[in-house]
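Taken together, the values in this text are just the output of simple stated rules run on the coordinates, not laboratory data. Note that the coordinates shown come from a computational prediction; the quantities given were computed from them, not determined experimentally. All Cβ positions, glycine included, derive from the backbone under ideal geometry; neighbour counts span all protein chains shown.
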Amino acid sequence: MNTETRLKELLNQKIVIIDGAMGTMIQRYQLEESDYRGERFKNWHKDVKGNNDLLCLTKPNIIKEIHKQYLQAGANILETNTFNGQVISLADYDMQSLAYEINYEAAKIAKEAVKEFKEETGNKDCFVAGAIGPMNKTLSLSPDVNNPGYRAVTFDEVADAYYEQISGLVDGGADILLVETIFDTLNAKAAIYAINKYFVETKKERLPVMISGTITDASGRTLSGQTLEAFYISIMHANPISIGLNCALGAEQMRPYIQELSELAACYVSAYPNAGLPNAMGEYDETPETMCATVSEFAREVWVNLVGGCCGTTPLHIAAIAKAMKQFKPRELPVSVEE
């Protein structure tokens, strides 16, 4: 049975649990510049603290430990530590040459965590999603307010960067590809193009694709200006196994958009919000109990198939959500006209 079939079986049986924040957990280790560098990058010519993806190479045990905490909390899907793992974002640290290696090792670490967890518990309902983030340059918006037609990057550059990232994730053993935190649909289209190109060129079995966008404020639009319905229509040619929302908003603020998406989507629906909105210090205060109560309303209304957490969430948040979801049935897929 291939991954997509197994995943669909699980999605039809229960609300599937996605893990929580990686960055939030890394912060708890209070790592210093020397920790990020390790021995290999001891003399690197730029500061690298904050390059969390680099920890897949310099502190793999910490990343695996975080993955295992989320599995123990009840997560079915682990996201790889590769949110900025492509040449365009890694250029901030002059580490473009490490893109493939970081993604390969990140997927490998997550797969090892799943393997060990399965051996310890017998739980086979665990998958690794290769996390493909939005990158730090956008195709739809100009970074120069005086020159709205200017773009800092081209579509081909973005697609090539994602292609290399996808290659590393697949070779490292990812079960799913997750294009996430999308604020610019054109960047997402480049990722989708790269995914399609990769599987055509390599002739490898195509992995299931999950897509998750970001509504940035109460306007109900992405940063590049699309309504939720426009965003959905723009990316459905990718035939994703799920479409959803994550980041930017807490569960309470995300509620109307998850409801709208549940009425629009012909595929499974995911939601992994932040632990509320950031406070004055940029930290997230929402407790596992408060967040769980709102996410439970999504499930009670039968709007969702996958739930988890984004910024500010921890294994305690995921454990509370996973426990609560056991009492709810997943959203059923709508019957298409063709059927």
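Things to note:
- Placing unit charges on the Cβ atoms of the charged side chains and taking the dipole of segment 72-166 about its Cα centre, the candidate lying farthest along the positive direction among Pro143, Thr80, Leu90 is Thr80.
- Each residue in Glu116, Glu252 was given a count of other beta-carbon atoms within 10 angstrom of its own, and listing them fewest first yields Glu116, Glu252.
- Listed peptides 133-140, 44-51 by packing density, highest first (mean Cβ within 10 Å): 133-140, 44-51
- GNM result for the chain, Cα springs below 10 Å: residue of Arg28, Arg221, Arg300 fluctuating most strongly: Arg28
- Between the beta carbons of Asn61 and Asp92, assuming R0 = 41 Å, the FRET efficiency works out to 0.95 to the nearest 0.05.
- When the listed pairs Lys115/Lys326; Lys46/Lys204; Lys68/Lys326; Lys108/Lys197; Lys111/Lys203 are checked against a 29 Å cut-off, the alpha-carbon distance exceeds it for Lys46/Lys204.
- Counted residue by residue at 0.36 nm each, then reduced by the alpha carbon distance between them, the extension gain from Arg221 to Glu205 reaches 2.3 nm.
- Dipole magnitude of the chain about its Cα centre (Cβ charges: Lys, Arg +1; Asp, Glu -1), debye to nearest 20: 560 debye
- Selected from Gln69, Gln96, Gln27 as most flexible by GNM, with the chain as the system and alpha-carbon contacts under 10 Å: Gln27
- Computed [θ] at 222 nm, helices only, for the chain once each DSSP H run of length n ≥ 4 contributes -39500 (n - 2.57): -13500 deg cm²/dmol
- The antiparallel fraction among DSSP beta bridges confined to segment 197-275 stands at about 10%.
- Using the Cβ-Cβ distance between Val335 and Asp156 with R0 = 45 Å, the FRET efficiency computed as 1/(1 + (r/R0)^6) comes to roughly 0.70.
- The slack in the chain from Asn123 to His45, taken as 0.36 nm per residue of separation less the alpha-carbon distance, amounts to 23.6 nm.
- Neighbour net charge for Ser219 - beta-carbon separation under 15 angstrom, K R +1, D E -1: -2
- Gyration tensor (alpha-carbon) shape descriptor, segment 3-325, a/c threshold 1.5: rounded
- Magnitude of the charge dipole for segment 174-259, about its Cα centre and with charges confined to Cβ atoms of Lys, Arg (+1) and Asp, Glu (-1), is about 260 debye.
- Between Ile233 and Glu283, full extension at 0.36 nm per residue minus the direct alpha carbon distance yields a gain of 14.6 nm.
- Segment 247-264-segment 98-177 distance, computed between alpha-carbon centres (Å): 24 Å
- From the alpha carbon centroid of segment 70-93 to that of segment 1-49 is 4 Å.
- Each of Ile102, Gly122, Phe231 was placed along the dipole of the chain (beta-carbon charges, centred on the mean Cα), and the one lying farthest toward the positive end is Gly122.
- At an R0 of 25 angstrom, the distance between the Cβ atoms of Glu297 and Glu4 translates into a FRET efficiency of 0.25.
- Cross-link partners for Lys329 among the lysines, with Cα-Cα distance under 17 Å and sequence neighbours closer than 8 places in the same chain left out: Lys8, Lys14.
- Annotation for Gln259 and Glu116: the two label points, set 7 Å from Cα along the Cα-Cβ direction, are 4.4 nm apart.
- Among Gly220, Asn2, Ala161 - extreme Cα towards positive end, dipole of the chain, charges at beta-carbon: Asn2
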